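Have a look at the structure below before the remarks.
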Amino acid sequence: MIVVEIVSSSLVALGLGLLAAALVIRLVYGSWTRTQAITFTYEGHPYLRWHDHRYRIVEALWSSGSPGRGRKAPMPAAPPPGEDVTIHYHVRQPTHWSLGEPYRGTRVIAVVGLASAVTGTLLGFLPA
């Protein structure tokens, strides 16, 4: 019974810690929105154009984006003009964009934390 109590409280503490870590990571990265952008060329340079959350048109140079977290490689080559590209842009700075989801790992951390907290809570209700 003591072992179940220790495991239960440890799982709840671990779960709440992971949930808090996911929340802090999400707050640090801020709010990002996924959208479709279209490529075009201006004076020989590839650009992207999309609408932000307030329906303003945003244009950014292709090379100004980040390829995504964890990638050490440079930006991939721009697609031909007129192609649609899925991007993520920062809500407060719409010209700050990324090809990959900047906070994709936080969902995994949050799900594992929630599962740990729920499992630990349910273990606490086991009959003695």
Review point. Calculated from the structure, mean projected area of the Cα convex hull in nm² equals which of (i) 10.3; (ii) 9.3; (iii) 11.5?
Key: (i)
Check your understanding: Full extension from HIS51 to ILE38: what is 0.36 nm times the residue separation minus their Cα-Cα distance, to one decimal in nm?
Key -> 3.7 nm
Check your understanding: If you place +1 on the Cβ of every Lys and Arg, -1 on the Cβ of every Asp and Glu, and leave all else neutral, what size is the dipole of the chain about its Cα centre, to the nearest 20 Debye?
Key -> 140
Exercise for review: Over the chain, average the accessible area per residue using a 1.4 Å probe and give it in Å², no decimals.
Suggested key: 66
**Study point:** Full-extension gain in nm, VAL118 to LEU14, via 0.36 nm per residue minus C-alpha separation
**Key:** 36.4 nm
Exercise for review: Would you give the gap between the C-alpha center of segment 49-64 and the C-alpha center of segment 9-36, rounded to a whole Å?
Suggested key: 27
Study note, to complete from the structure: Of every hundred units of 1.4 Å-probe accessible area on the chain, the number belonging to carbon and sulfur atoms, as a percent, is 64
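The values are calculated or read from the model by the stated rules, or taken from the named source; none is laboratory data. Small disclaimer: the values here were computed from a predicted structure and weren't measured. Methodologically, a virtual Cβ is constructed for each residue, glycine included, from the backbone with ideal geometry; neighbour enumeration extends over all protein chains shown. Surface areas here come from the heavy atoms of the whole protein model, side chains and all, with no ligands, DNA or RNA. Shrake-Rupley method; radii C 1.70, N 1.55, O 1.52, S 1.80 Å.
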